[in-house]
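The values are calculated or read from the model by the stated rules, or taken from the named source; none is laboratory data. This structure is a prediction, so every number in the text was calculated from the model and none was measured. Counting neighbours? That spans all protein chains shown, and the Cβs are built from the backbone with ideal geometry, glycine included.
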Amino acid sequence: MRKRSGGTFLRGDYDTAVFQAFKEVEVRVREVAKLDAEELGTNLMRKAFDAIHGPLTDKSLPKGEREALAHLFAGAIGSYKNPHSHRNVIIDAIEAVEMIILASHLLKIVDSRSGSLEEVT
């Protein structure tokens, strides 16, 4: 993620750095979940982490926690990627860092599920 959003952040283009970080989350979720390119945004997140049928859901967790993770991913994309895709959003450096850290954490979750999927297939 640092490669895609780091330079943009250092130039002070905080909204674009946040957009790039969450775009990377979206792309990685689609790749790891092996979902179609037509799956986008919050719908993609809800499908990938669906508590019952989601390819990235961890069925060892209670259903409520699986649903909460789907909400977290969908909420993060809806709150931090989508607005930056559709309009100019003014954020400061501290807000941008917080958002990028969240994107990094989400990517870590996706990457942890990637290993689980490889073991199953």
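For this structure, a couple of remarks:
- Hey, residue 19 at negative phi and at pLDDT 95 or above or not: no
- Those residues of the stretch 5-38 which are among the acidic types (Asp, Glu) and within 14 Å of residue 81 (Cβ to Cβ), in sequence order: 15, 24, 26
- When residues in the stretch 25-57 are screened for being modelled with pLDDT of 95 or more, part of a loop (DSSP other than H, G, I, E, B), of a type in the set (D, E, K, R) and surrounded by 15 or more Cβ atoms within 10 Å (Cβ to Cβ), 1 of them pass.
- Selection from the stretch 94-121 of residues that are among the hydrophobic types (A, V, I, L, M, F, W, C), loosely packed, with under 12 Cβ neighbours inside 10 Å and either modelled with pLDDT under 95 or not in a helix (DSSP H, G or I) (or both): 120
- Verdict on residue 10 being under 12 Å from the mean Cα position of the chain (by Cα) and hydrophobic (A, V, I, L, M, F, W, C): no
- One residue stands out in the stretch 58-74 among those that are free of Cβ contacts under 8 Å to residues at least 12 places away in the same chain, assigned to a helix (DSSP H, G or I) and of a type in the set (Gly, Ala, Ser): the one that is farthest from residue 31 (Cα to Cα), namely 64.
- Only one of 84, 53 that is over 12 Å from the mean Cα position of the chain (by Cα) and touching a residue at least 60 places away in the same chain (Cβ under 8 Å): 84
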